[in-house]
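K.L.:
Have a look at this one before I ask anything.
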Amino acid sequence: MNNTWENNVRRVVPYVPGEQPKDTDVIKLNTNENPYPPAPGVRYILDSFDIADMRLYPTPDAAVLTEAIADTYGLKTSQVFVGVGSDDVISMAFLTFFNSDKPVFFPDITYSFYDVWADVYRIPYETKPLNSDFTINAEDYKKPNGGIIFPNPNAPTGVLESVEMIEDIIKANPDSVVMIDEAYIDFGGKSCLPLIEKYDNLLVIQTFSKSRSMAGMRIGFAMGSEKLIKYMNDVKFSINSYTMNTVTQLCGAAAVRDEKYFRETVDKIIDTREYSKNKLTELGFTFPDSMSNFIFASPQKKSAEYVFTELKKRKIFVRWWNKPVIKDYLRISIGTPEEMDELFKALEEILNG
Ligand SMILES: *Cc1c(COP(=O)(O)O)cnc(C)c1O
């Protein structure tokens, strides 16, 4: 065999998502999902949806959902881009805006999808080391670049940066697009969204997967200047117009319009997080202060790998990466208070038993 088609394959090492175990009796604290169900209005949409409507294509610009998001955040619909999870939105944004010979900058410890998208789209990039306390050094991002992206709060550290610090970075970069991935901003952080009126090169990206309990529906969105959103739509409509199905659009709109339920759920998770910080400290863990729905915590008496494995034996799933610097840490998603108490009981046994 001397066929050479494989020489022309677009090769890439794919992103590895957290495990979704088939077992239903596990305590799942490994992918930062929300432990509470979505807003009750979503149930109503599913019950009343007429399947005859499935004959029709969805509204191509996801108008139902785009309008609901625009209303909620006080924007024009032309400032909102909707996608199938923020992974879809960020991937589309990479393809649209990171198109320079200069490298795109992001932190060395961050969402591990960024380097995968850069690789698949052949975008040059350079990672910037975090400070030893896991904060971002703004100066690193004030050098010639082809674009900037980081999550705020960062993942998997949970560390929040201030809007002032981020504005400082945006100001220094009028020649590239700056993307702030706000997947966890609803858990107590301050959003950069108001800055989009001032900087037409700022894209703020959020998701329904965490704070709105809809990871399984796949809804993400970006907010920015009309110019940015138009460029993104041009690329999106050059690939696949109908990415988001009708039911998802309707469910998303119902969820985003229920501000009261949203606040209640998020407040419960924040309360559980603060309680969990105390418990983890009592158990001898150290961690950077988290403003997200997870805690990035390092056990002191046993290795993180050992604790990870022992927890798994007890059907409690958390996330652990066998990578330099972060291999001493476990990323623990915030579940219900009951789930967290099960976790603390198991940790007590593993560390002190
Ligand atoms: C969860 C997450 C996303 C992706 O979320 P979607 O489910 O695709 O909306 C993006 N960025 C970060 C930092 C995340 O943690």
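No value in this document is a laboratory result; all are computed from the given coordinates. These figures come from a predicted structure and were not determined experimentally. Neighbour counts run over all protein chains shown; Cβ positions are idealised from the backbone, glycine included.
K.L.:
Determine ³J(HN,Hα), in whole Hz, for all residues of the stretch 218-224 in sequence, where each value follows from phi through the Karplus function 6.51 cos²θ - 1.76 cosθ + 1.60 and θ = phi - 60°; x replaces Gly and Pro.
P.N.:
In residue order, the calculated couplings are 6, 9, x, 8, 10, 10, x Hz.
K.L.:
With each run of n ≥ 4 DSSP H residues scored as -39500 (n - 2.57), what mean residue ellipticity at 222 nm is computed for the chain after dividing by its residue count and rounding to the nearest 500 deg cm²/dmol? Don't jump to the answer; show the numbers that get you there.
P.N.:
Working: 10 runs with 121 residues, N = 353.
Using -39500 (n - 2.57) per qualifying helix, the result is -10500 deg cm²/dmol.
K.L.:
Please list, or write none, the lysines whose alpha carbon is within less than 18 Å of the alpha carbon of K260, excluding same-chain residues fewer than 8 places away.
P.N.:
K210, K268
K.L.:
Could you tell me which of M54, S290, N131 has its Cα farthest along the dipole of the chain towards the positive end, charges placed at Cβ (Lys, Arg +1; Asp, Glu -1), taken about the Cα centre?
P.N.:
Going by the charge dipole, the pick is M54.
K.L.:
Right, another one. In whole Hz, with x marking every Gly and Pro, tabulate ³J(HN,Hα) for the stretch 165-180 from phi via Karplus 6.51 cos²θ - 1.76 cosθ + 1.60, θ = phi - 60°.
P.N.:
The phi angles translate into 5, 5, 4, 4, 5, 4, 4, 7, 10, x, 9, 9, 8, 10, 10, 10 Hz.
K.L.:
On to the next question. Put +1 on the Cβ of every Lys and Arg and -1 on every Asp and Glu Cβ in the chain; which of Y44, G220, A253 then has its Cα farthest towards the positive end of the dipole?
P.N.:
G220
K.L.:
Sticking with this structure for a sec: Which ³J(HN,Hα) values, rounded to whole Hz and listed in residue order, are derived for the stretch 65-80 from phi using the Karplus coefficients 6.51, -1.76 and 1.60 in 6.51 cos²θ - 1.76 cosθ + 1.60 with θ = phi - 60°, glycine and proline given as x?
P.N.:
Residue by residue, the stretch 65-80 yields 7, 4, 5, 5, 5, 4, 4, 4, 9, x, 10, 7, 4, 6, 9, 10 Hz.
K.L.:
Can I ask one more? Using modelled amide H (1.01 Å from N, peptide plane; none on Pro or chain starts), what sits under 5 Å from the amide H of L330, excluding residues fewer than 5 places away?
P.N.:
For L330, the qualifying residues are A297, S298.
K.L.:
I need the peptides 52-65, 141-154, 319-332 ranked by packing, meaning the mean over residues of other C-beta atoms within 10 angstrom, with the highest value on top. It would help to have the intermediate numbers written out before the result.
P.N.:
Details: 52-65: 15.0, 141-154: 22.3, 319-332: 18.2.
In descending order of packing, they fall as 141-154, 319-332, 52-65.
K.L.:
Would you list I109, I51 from fewest to most Cβ contacts within 10 Å?
P.N.:
Numbers: I109 24, I51 7.
Ranking I109, I51 by Cβ neighbours within 10 Å, fewest first, gives I51, I109.
K.L.:
Restricting to the chain, what percent of DSSP beta bridges are antiparallel, rounded to 5?
P.N.:
Details: 14 of 30 bridges.
Beta bridges within the chain, antiparallel portion: roughly 45 percent.
K.L.:
Now a separate question. Taking a quarter of the surface of the Cα convex hull of the chain, what do you get in nm²?
P.N.:
Working: hull surface 82.5 nm².
Over all viewing directions, the chain projects a mean Cα-hull area of 20.6 nm².
K.L.:
Using Cα pairs closer than 8 Å and at least 6 residues apart in sequence, work out the relative contact order for the chain, in percent. All intermediate terms of the calculation are to be shown ahead of the outcome.
P.N.:
Details: 622 pairs, mean separation 83.6, N = 353.
Normalised by residue count, the contact order of the chain is 24 percent.
K.L.:
Oh, and also: Given Cβ point charges of +1 (Lys, Arg) and -1 (Asp, Glu) and nothing else, what value in debye, to the nearest 20, does the dipole of the stretch 272-353 about its Cα centre take?
P.N.:
On the way: 14 positive and 12 negative charges, 76 e Å.
Dipole of the stretch 272-353, to the nearest 20 debye: 360 debye.
K.L.:
Under the rule of at least 5 residues apart or a separate chain, name every residue whose amide H is placed under 5 Å from the amide H of N137.
P.N.:
Correct list: N131.
K.L.:
Say the dipole of the stretch 40-257 comes from +1 at the beta carbon of Lys and Arg and -1 at that of Asp and Glu; which of A93, S191, A155 then lies farthest toward its positive end?
P.N.:
After comparing all options, I get A93.
K.L.:
Charges at C-beta only: +1 for Lys and Arg, -1 for Asp and Glu. How large is the resulting dipole of the stretch 40-257 about its Cα centre, in Debye rounded to 20? Don't skip to the answer; put the middle values down first.
P.N.:
Values: 18 positive and 28 negative charges, 72 e Å.
Using only the charged Cβ atoms, the result is roughly 340 debye.
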